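K.L.:
Structure below; questions to follow.
Readers should treat all values here as calculations from the given coordinates under stated rules, not as data from a laboratory. Everything quoted here is computed from the prediction, not taken from an experiment. Here the Cβ positions follow ideal geometry from the backbone for every residue, glycine too, while neighbour counts run over all protein chains shown.
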Amino acid sequence: MTAIPETSAAGAVPAPGSARGRRALGAGLLLAVGLLALAGPWLIDADPLRQDLRAALRGPGGGHPLGTDHLGRDMLARLAHAARLSLGLGAATVLTAAVPGVLLGLAAAWRGGAVDRALGALCASVMALPGLLLVLVLAGFAPGAFWPLYVGLALASWVEYFRVVRAVAASRLARPDVEAARLLGFGPAHVVRRHLLPDLVGPLATLMAFGLAATVVAVSSLSFVGIGLRPPTPEWGNMMTELLPYHAEAPLQLLMPGTLLFATVLGLALVCGREPS
Amino acid sequence: MGGLTRALGGRLVQAALVALLVGIACFAMVEFLPGDQAYRIAAGRYGEDLVSTAAADAVRLELGLDRPWWERLGAWLAALARLDLGVSLVTGERVAHEIGHQLGHTLLLSLAALALSVLLGPPLGVLAAARAGTAWDLAGMSAAAALRALPAFAVGVALTWIFAVRLGLLPAAGAEGPAAAVLPALTLALGLAAASSRVTRDVALSVMRSPWVAFARTKGLGEAAVVRRHALRNAAAPVTAYLGIQLAWLVEGVVVVESVFVWPGIGHALVHAVVARDVPMIQGTALVLGLLFVLLNALVDLLCILIDPRAGERRR
Amino acid sequence: MTAAVEVSGLRVASAARVLVRPCSLELRAGEILVVLGETGSGKSLLAQAIMGTLPPELACAGRIVLGGEEVGHLPPAARRRLWGRRIALLPQEPWSALNPTMAAGGQVAEVHALLHGRPWAEARRRAASALAALGLGRAVGRHPFRLSGGMAQRVAIAATAATGAPVLLADEPTKGLDAGLRDEVAALLAAEAAGGAAVMVITHDVGLARRLGGRVAVMLDGEVVETGPAGEVIAAPRHAYTRLLLAADPETWAPAGAPAGARAAGATVLSARGLAKALGGRTLFSGLDLEVGAGGIVAVAGPSGCGKTTLGNVLLGLLAPDAGTVSRRPGTAAHRYQKIYQDPVAAFAPQATLRAALGDVVARHGLSWDAAARLLSAMRVPDGLLDRRPAQVSGGELQRVALARALLVDPVFLFADEATSRLDPLTQKQVMDLLNETVAERRLAVLMVTHDPALARGMASRTVRLEMPSPRDALYFGPGPGDSG
């Protein structure tokens, strides 16, 4: 679930292909998944939990545009609810992690000294463990429940916002333009608005996009191995677990949640261009 | 070697933090488990049918469960410091013993995955860099981006379907024989290699455009000597440092991939322990995986310092 | 005797325009040719064309003859085989041109071993003695991150000289070096010529041309406008541009201190008593007394890393002194003590337009935009420039905007920190003239920090010299060259 930086310090080297093309493809993928998550559950009137064993593993068509699963539940409705769940949990986690991460990062850079050292130590202790391990340990409190995922993921990822904001802010604050602003009589509010925020927006947007992708992957991975969200709640990972035994009869159904997961993560990566460093 | 001592000292602190973090979380887990703890332990010892209030009280007194929580936390952490990991609530076996069985499998899997990814990723990245801007570069980097967007479990499912179900070449699960390790190791390695090939490509390109490579050329050195003496080490440094960043991804991937392939390692055991809420097992497995992460990181630190003399100086 | 380098009708063009107009040059063994010009004059392209390192998108025509052989038409691979053997290049900014993961000795020794095919043991011995001869005996085993800018420059010179190529090209060899190091580099290049090499130096620094002697070619907008022996060109320039260029060289300026009384400083604006400051365990200055009066310019000069900027920052109150006191004229608001920075781009918020940046100051101090507009026209800043961001404006223009911004808040004291060290000579002259006018007009007290003693002499009525706090070749952990101390 860690957002892995892929840009080296060695300098900007253009990626192959056109940047505009990558962005457009990414935005298209995200738009499709986002639309499914937002409007899907509201437009589709099939109940994602209603079983109909006589209609199990039907192919696309009839009353089920994307067919049914092994219990005869409507695939489209389940996929849409799962999309809403994943993206909703992802967005909640990202916001919960980003807000304190950004504020503490700013505080550490601004105050420096003991505050900086204390927050740095806190950050180091959270980062001592790979993020998913932290989530797993927390999941031990209530396997299958929603809250350990949310709390664990937020707890593991606020440090990334903290570190990036602290690093960017500290280097920005040491620059001559901030010193010049202070000499010209400007206060902290002006410095933050004019000199800090414009440089933070880009890295933060990237971080949030990758945080969202990491959360969606983590939730589906944990659900796939039986620790995250459990059936009958529709979730992309647990849908794949449930459909795995039927790979021969219904390969399409098995492929669907995986495809949506792939589209979400790829879309986020393409829109950002580069992973945060 | 001040840089080396500092780096290893930092990793020791990290190891202590891992133990503290896991220990406190697991202690809290025991505290928050529903029902009476002493009763649960007595039931574990004597069997669900034979347990009585008296037996539970005896356990409570014996384990000091009537003491205030901070004393119990202290005792819990002290036991951890003595490497006393306790007994599994599910099997009744000593946790250390069980982990001893699993550790080999996990080490084999993670080292095989790392080795495979180093064999795949950087060479492909160098190839892409050599053909930068061509269709090969675009195709290679698109494939890497797509692979990175697939979660490990999905890659595992796809590989199983292709190699085990359709082609019948390799076993889909278990750990019988070396062939069984191929699919799980490949699953992990593909994700790692996809990322490191992209990093290698960018690093290789920027190193070959660096002013010192240009200077080496105008000094009259042939291209082979330029690459050998001025490009390799400078490109290896950031790629190795990136390997350190990937280790978190590797350890997370081990947990998921072991479960997907029913590989009898520590990650698989951790997932089982979480489902069964077997706290001593959760603690033991999470601790060992965390320490494995620290150990691999320390090795990467060492490598970085060996490759780049600046790495030792930059660290604080 | 045939010329070592002979260039005739050399022309460099991009798809859009001609960058170097057809020009001809000749250089014999043991001679020095200085190509003098400003940024964008095409002088570096000329060097790249001779070397064969032009970017592929630029087209090059004309004859380039090295040691009697026409090489201009050769394919890149064949050009490359000449490198180190027929022609060598001393790169710009040696601090970044040295391999960061290889010790200094190896970067020199490899030329002996791999170019001349000598055994490694002998190659290392030769490298060590060459470095020792340059006073770098202890630096053989050091990696570049532990070398100062001047040491790195000498290592690069040793590596270039090791090739023994009959032609040596040096592209801006003194960029980012202070005056003392510049003279050192000039002496080393002159020694190469004395040893029989044909040396061609690309620079914008008239002072370097003066020290090197030899012949000078002045370039303007891709054209060689004047050539001749350095002494003649400098003493009696024929082309108008050459005259401008020479007039912009601070070494030709009348000492500012000379017309005593004309620039007599008025009442003291800022004074310091017994100042001391140490950074990183080194005492930069101690027991320092200083006074800056209204309408006076005091210069602080000294080599890079000697603590000049630190002194200015202590006077401005940005840093606390370890000992001593700084007193300001009573009753002056804090914001009337201003600073002008070495890199003007870094002194503005990167994402805001200049209009927004100035508008902020106008709003903060309750001024009217008219005041800003008047100052901008006095600084000769066209209005159209204001809708750009700092990085989209040239250094000289931006430095004038920075001056206008500082003057907006009606300062009594201005600290100019290497304010022109990154500007071309003509631009430096313009900015310095504006500063002089402002000081005279507004009775401003100015403290200027510079590494150039000539500039200090030409601008200031008084100069405080700071010395290096420790031996020059002490272990170096600081930032690269170009950063002022």
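K.L.:
With a Förster radius of 22 Å, plug the Cβ-Cβ distance of C:A346 and C:D387 into 1/(1 + (r/R0)^6) and report the FRET value to the nearest 0.05.
P.N.:
Rounded to the nearest 0.05, the efficiency is 0.60.
K.L.:
Go through B:K219/C:K308; B:K219/C:K429; B:K219/C:K43; C:K43/C:K339; C:K43/C:K308 and tell me which ones have a Cα-Cα distance over 28 Å in this structure.
P.N.:
Exceeds cut-off: B:K219/C:K308; B:K219/C:K429; C:K43/C:K339; C:K43/C:K308.
K.L.:
Here's another thing I want to ask about it. By how many degrees, 0 to 90 and rounded to 10, does the Cα axis of helix B:279-307 deviate from the longest principal axis of chain B?
P.N.:
So the inclination is approximately 20 degrees.
K.L.:
For C:E93, which sequence-distant residues (separation of 5 or more, or a different chain) have an amide H within less than 5 Å of its own amide H, given hydrogens modelled in the peptide plane?
P.N.:
C:K175
K.L.:
Then there's this: About its Cα centre, what dipole magnitude does segment B:2-81 give when the only charges are +1 on Lys and Arg Cβ and -1 on Asp and Glu Cβ, stated in debye to the nearest 20?
P.N.:
The dipole magnitude comes to about 540 debye.
K.L.:
Taking the alpha carbon gyration tensor of segment C:175-216, what are the square roots of 5 times its eigenvalues, largest first, to the nearest whole Å?
P.N.:
17, 12, 8
K.L.:
Right, here's the next one. Please give the FRET efficiency for B:E223 paired with B:A164, using the beta carbon to beta carbon distance and R0 = 51 Å, rounded to the nearest 0.05.
P.N.:
Result of the calculation: an efficiency of 0.70.
K.L.:
Continuing with this model, one more query. Per residue of segment C:158-173, in order, report the coupling 6.51 cos²θ - 1.76 cosθ + 1.60 (Karplus, θ = phi - 60°) as ³J(HN,Hα) in whole Hz, putting x for Gly and Pro.
P.N.:
Running phi through 6.51 cos²θ - 1.76 cosθ + 1.60 with θ = phi - 60° gives 4, 5, 5, 5, 4, 5, x, 5, x, 10, 10, 9, 10, 9, 6, x Hz.
K.L.:
Still on this structure: Within 10 Å of each Cβ in B:269-281, how many Cβ atoms from other chains are there, averaged over the peptide?
P.N.:
For this peptide, the per-residue mean of nearby foreign Cβ atoms is 4.
K.L.:
Taking N as the number of residues in segment C:8-163, what value does Rg over Cα atoms divided by 2.2 N^0.38 Å take?
P.N.:
1.17
K.L.:
Right, something else. Please compute one quarter of the surface area of the Cα convex hull for the protein assembly as shown and express it in square nanometres.
P.N.:
Mean projected area for the protein assembly as shown: 51.8 nm², to one decimal.
K.L.:
Any chance you could check the Cα centroid distance between segment C:353-388 and segment C:103-172 for me, in angstrom?
P.N.:
Comparing the Cα centres of segment C:353-388 and segment C:103-172, I get a distance of 51 Å.
K.L.:
A further question follows. Note down the relative contact order for chain B as a percent, whole number, built from C-alpha pairs under 8 angstrom at least six residues apart.
P.N.:
In percent, rounded to a whole number, it is 28.
K.L.:
Now a separate question. Given that compact globular proteins tend to follow 2.2 N^0.38 Å, what is the ratio of the alpha-carbon Rg of chain A to that value?
P.N.:
1.17
K.L.:
Which whole-number percentage describes the relative contact order of chain A, with Cα contacts under 8 Å and a sequence gap of 6 or more?
P.N.:
Taking the mean separation of contacting Cα pairs over the length of chain A, I get 30 percent.
K.L.:
Can I ask one more? Ranking C:E26, C:E122 by Cβ neighbours within 10 Å, fewest first, what do you get?
P.N.:
The order, fewest Cβ neighbours first, is C:E122, C:E26.
K.L.:
Which whole DSSP H helices in chain A pass both tests: a Cα extent of 15 Å or more along the axis and a mean Kyte-Doolittle value no lower than 1.0?
P.N.:
The qualifying helices are A:19-43, A:75-111, A:113-127, A:197-224, A:251-272.
K.L.:
Pop a pseudo-label 7 angstrom from the Cα along the beta-carbon direction at both A:T259 and C:A373 and give the gap in nm to one decimal.
P.N.:
Going by the 7 Å Cα→Cβ label model, 6.3 nm.
K.L.:
Determine the gain in length on full extension of the stretch C:W253-C:N436; use 0.36 nm per residue of separation and subtract their C-alpha separation, reporting nm with one decimal.
P.N.:
Separation in residues times 0.36 nm, less the Cα-Cα distance, equals 64.6 nm.
K.L.:
Cα centroids of segment C:403-456 and segment B:164-243: how far apart, whole angstrom?
P.N.:
If we compute the Cα centre of each part, the gap is 52 Å.
K.L.:
If you fit an axis through the alpha-carbon atoms of helix C:354-364 and take the longest principal axis of the Cα set of chain C, what angle between them do you get, 0 to 90°, nearest 10?
P.N.:
Approximately 20 degrees, to the nearest 10.
K.L.:
Compute the angle between helix B:53-63 and the longest alpha-carbon principal axis of chain B, please, reported from 0 to 90 degrees and rounded to the nearest 10.
P.N.:
Tilt of helix B:53-63: around 50 degrees.
K.L.:
Next up: What spacing in nm lies between the two simple spin-label points modelled at B:R131 and B:Y46, each 7 Å away from Cα in the Cβ direction?
P.N.:
Placing both labels 7 Å along Cα→Cβ, they lie 7.3 nm apart.
K.L.:
On the principal axes of its Cα set, how long, how wide and how thick is segment B:102-308? Give whole Å, largest value first.
P.N.:
66, 39, 27
K.L.:
Could you work out, residue by residue across A:258-269, how many beta carbons of other chains sit within 10 Å of that residue's beta carbon, and then give the average as an integer?
P.N.:
3
K.L.:
Here's something else I'd like to know. For C:R118, C:R124, C:R380, which order do you get if you count the other beta carbons within 10 Å of each Cβ and list the fewest first?
P.N.:
Final ranking by Cβ density, sparse to dense: C:R380, C:R118, C:R124.
K.L.:
What order do you get for C:Y341, A:Y150 when you list them from fewest to most C-beta neighbours inside 10 Å?
P.N.:
With the sparsest Cβ surroundings first, the list reads A:Y150, C:Y341.
K.L.:
Ok, one more. Taking H as built 1.01 Å from N, whose amide H comes closer than 5 Å to the amide H of C:F415, not counting residues under 5 places away?
P.N.:
C:Q338, C:K339, C:I340, C:L447
K.L.:
Explain nothing, just the number: relative contact order of chain C, from Cα pairs under 8 Å at least 6 residues apart, as a whole percent.
P.N.:
Contact order relative to length: 17 percent.
K.L.:
How many nm is it between the label spots at C:R238 and B:R209, if each spot is 7 Å from the Cα in line with the beta carbon?
P.N.:
4.3 nm
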